[in-house]
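The values are calculated or read from the model by the stated rules, or taken from the named source; none is laboratory data. Predicted, not measured: the structure shown is a model, and the values here were computed from it. Note: ideal-geometry Cβ built from the backbone for every residue, glycine included; neighbour counts use all protein chains shown.
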Amino acid sequence: MPVSRLISTLAIAALALVLGAAGCAESTAVPPDDDDDGESDSDSDSDSDADTDTSSDTDMGDPCKVDGDDMDADAPDGADVAPPDSFEPDVQWDWPGDGDLNQIIATPIVANLTDDDDNGEIDLCDIPDIVVIVYGGFLGGAGYIYVLDGEYGYEHYSIPEQVSSMGYPALGDIDFDGIPEIVALKMNTSTNMPMVAVWENDGTFKWEADHGFTITWAAPVLGDLDNDGDVEIVHEDSIIDHEGGLVLELPVGTNASPTPTLADLDADNDLEIIYGPFAYHHDGCGSLDCSPH
Ligand SMILES: [Ca+2]
Ligand SMILES: [Ca+2]
Ligand SMILES: [Ca+2]
Ligand SMILES: [Ca+2]
């Protein structure tokens, strides 16, 4: 095993021990009861805002929707700045796992996946959800995806297909229906090798792609590499289209991390793929027929 991968593996192992211990804590996560309905409160707040703050709606657009122009907005002039000692963390809830599935090694990720205010849309006015991969027993044992409510920590659903417990998941709208999908490494239980797989926001299995992947602790990365409007998925040395088809295999060296970063390094409005010290154009150019970019 190359030294860089060994170090990463050890770091992941250390993180697993820490999170595993934390996973033994007693849960305070409970669903909201019928008498204290968070949904109706949320509806009330939302309606109140809509009724009383019409000037804000006019100026800022729909507060439930993502406005691309707001993504990099600066704080308004004169906005209060919190001093360094103003934040006192307080545990809102914790979740103990599901029986023996009580350890976490992959970083949890957050998106709106459920229609909590029952208005027929999933948007910024719903309660964000937490996607976490949980495993039990030995380090790197069989993992399963759980989706938790962000406000109370109760379980929305879990996904029955086994995934890599060490492969970080990703969230993104890869089919352009306005709702994120879950992308993770589904395990081929016959070969014990990972596949890139996608589930809908409600946990419905969508597709899997088996392109000879071998590393269970890598993470799929999403981005529109060629700026054509379709999302690509990069995993290990492969570029996959948004339906699971193999687009290209990159000549990535064995001493590079299998999880890349995507960025437009040369300001040509498409994304380069960076593995450790190597960068490639989205067409694979970078080490075969041209110099690295
Ligand atoms: Ca909603
Ligand atoms: Ca939610
Ligand atoms: Ca979608
Ligand atoms: Ca694309």
task: Go through (1) closer than 16 Å to residue 202 by Cβ; (2) away from ligand 3 (no atom under 15 Å from the Cβ) and name the single condition residue 151 misses.
output: (1)
message: Checking the condition within 30 Å of residue 243 (Cα to Cα) and aromatic (Phe, Trp, Tyr), which residue from 138, 87, 176 passes?
response: 176
task: Just need a number here: residues in the range 233-248 that are part of a strand (DSSP E or B) and touching a residue at least 24 places away in the same chain (Cβ under 8 Å).
output: 8
task: Those residues that are surrounded by 22 or more Cβ atoms within 10 Å (Cβ to Cβ) and of a type in the set (A, V, I, L, M, F, W, C), I need them from the range 175-186; list them, please.
output: 182, 183, 184, 185
- prompt: Cβ-Cβ below 6 Å, separation at least six or inter-chain, first residue in the range 275-293 and within 20 Å of residue 258 (Cβ to Cβ) and modelled with pLDDT of 65 or more, second of a type in the set (Asp, Glu) and part of a loop (DSSP other than H, G, I, E, B): which pairs?
  reply: 282/226; 282/270
- prompt: Going by the structure shown, is residue 198 aliphatic (A, V, I, L, M), out of contact with any Pro (no Cβ under 6 Å at 6 or more places or on another chain) and within 16 Å of ligand 4 (Cβ to nearest atom)?
  reply: yes
- prompt: What is the number of the single condition among (1) assigned to a loop (DSSP other than H, G, I, E, B); (2) at pLDDT below 90 that residue 230 does not meet?
  reply: (2)
query: Is it fair to say residue 202 is modelled with pLDDT under 95, over 27 Å from residue 91 (Cβ atoms), part of a loop (DSSP other than H, G, I, E, B) and within 16 Å of ligand 3 (Cβ to nearest atom)?
result: no
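Which ones in the range 148-193 are among the charged types (D, E, K, R) and more than 13 Å from ligand 2 (Cβ to nearest atom)? Steps first, answer last, please.
Of the residues in the range 148-193, the ones among the charged types (D, E, K, R) are 149, 151, 155, 161, 173, 175, 177, 181, 186.
Those that are among the charged types (D, E, K, R) and more than 13 Å from ligand 2 (Cβ to nearest atom): 161, 173, 175, 177, 181, 186.
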